[in-house]
Amino acid sequence: MLEKKPLFNEQGERDAQRRRMIHGHPTNLIELNNVKYAWAYRLYRTMMQNFWIPEEISLTHDALQYEQLTEAERTAYDRVLSFVIFMDSLQVHNLPNISAVITAPEVNLVLAVQDFQEAVHAQSYAYIVDSVVPQARRDAIYNLWRDDPLLLTRNRLITDQYQQFVVQPTEENLVHTLMANFLLEGLYFYSGFAFFYGLGRRGKMGGTVSIIQYINRDERIHLVLFQNILRELFREEPQLFTPEMQENLRQMAAAAVEHETTWSAHVLGEGIAGLTAETVAAYVRYLANDRLHRLGLSPLFPQQMEHPLPWLTRFANLNEQKVDFFEQRVLNYAKASGPQWGEL
Ligand SMILES: [Fe+2]
Ligand SMILES: [Fe+2]
């Protein structure tokens, strides 16, 4: 069992090189010129540079355009909002459970900023619902996460994976909860984002699209954060990453793909111009391959290594150079540290 670390430990270890992702003995003082995980401080600085405020983006025009959307588009808009509100709310509540057992103050620092950003995301969706959606439809959006049986089923899968670690904080369950986070940040949001970008591509709902672009930029950093935590754990606690565990992680990704494709087919139907359930399913399979590759795991869908919706990157890559720069640095760091992730 993993125990929550003490708040402060006067016998704690100040030597950063002896720091560990779990089972370490830090003092808990935040000393940013004395860190082991240099990528964490770099991510922190990027996140601070990316600070944004939802109310700076006007939604007045979106409120008018919402009335001119087709009913299929309006229904999809509401359903996607409902799911992303659920996920960001869940993140706000769950991230402290993970941080409580991570014994690297520089990583705890980044998790704290992530938690703040998830709160901003949850608030952004509330701002969108209140500004764009007519009063009569708002309650349905906040209730859909439990009223729609398909949405409830997938939300349960995600929550159960998190809850399992809360109830039984074993090392294995930590790995599972980290993977569940990684998939949430790297896969679950993306078909919803694709729907909004599809509207944006056709000149619709520009304010909503801008907000989603800012959220997307944050989620990409969160993905890198969880990728790096998992990689450090692979290196420090190799006994946890048995062939069975690696297959387990692949199967978690397979279940995530199944839930995401079923859900996006349900949300999008065939009534959304430019986005079919099949192209979104191909996109989700492509993402799963990419996410597994980031962890050194083999792809689930080798036939889908190409991005099937290349126009999406124009929307998703807000501030791309900055993000890519950091992703590259992070990858380089991991390689310089010894392990070859591609061979795990
Ligand atoms: Fe978020
Ligand atoms: Fe996130």
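The values are calculated or read from the model by the stated rules, or taken from the named source; none is laboratory data. Note that this is a predicted model, so its numbers are computed, not measured. Virtual Cβ from ideal backbone geometry, glycine too; neighbours counted across all protein chains shown.
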### Query
Has segment 61-84 got at least one residue that is aliphatic (A, V, I, L, M), within 13 Å of ligand 2 (Cβ to nearest atom) and either touching a residue at least 40 places away in the same chain (Cβ under 8 Å) or touching a strand residue (DSSP E or B) at 6+ places or on another chain (Cβ under 9 Å) (or both)?
yes
### Message
Restricting to segment 189-225, name every residue that is hydroxyl-bearing (Ser, Thr, Tyr), farther than 24 Å from Asp130 by Cβ and away from ligand 2 (no atom under 14 Å from the Cβ).
### Response
Ser191
### Query
With respect to the numbered conditions (1) at pLDDT 95 or above; (2) surrounded by fewer than 18 Cβ atoms within 10 Å (Cβ to Cβ); (3) closer than 20 Å to Asp218 by Cα, which one is the sole condition not fulfilled by Asn319?
(1)
### Task
Those residues that are small (Gly, Ala, Ser), away from ligand 2 (no atom under 16 Å from the Cβ) and either more than 20 Å from Ile22 (Cβ to Cβ) or surrounded by fewer than 17 Cβ atoms within 10 Å (Cβ to Cβ) (or both), I need them from segment 103-147; list them, please.
Ala126, Ser131, Ala136, Ala140
### Task
Return only the number of the condition from (1) more than 27 Å from Leu152 (Cα to Cα); (2) loosely packed, with under 13 Cβ neighbours inside 10 Å; (3) at pLDDT below 95; (4) among the charged types (D, E, K, R) that Glu244 does not satisfy.
(3)
### Query
Residues in segment 215-243 that are within 16 Å of ligand 1 (Cβ to nearest atom) and touching a His at 6+ places or on another chain (Cβ under 9 Å): how many?
3
### Query
Restricting segment 158-174 to residues that are touching a helix residue (DSSP H, G or I) at 6+ places or on another chain (Cβ under 6 Å) and closer than 20 Å to Glu219 by Cα, which is modelled with the lowest pLDDT?
Gln161
### Task
Look through segment 179-203, keep the residues that are surrounded by fewer than 20 Cβ atoms within 10 Å (Cβ to Cβ) and touching a residue at least 12 places away in the same chain (Cβ under 8 Å), and return whichever of them is nearest to Arg79 (Cα to Cα).
Gly200
### Boolean, Tyr188 is closer than 22 Å to Val110 by Cα and either within 12 Å of ligand 1 (Cβ to nearest atom) or of a type in the set (Val, Ile, Thr) (or both)
yes
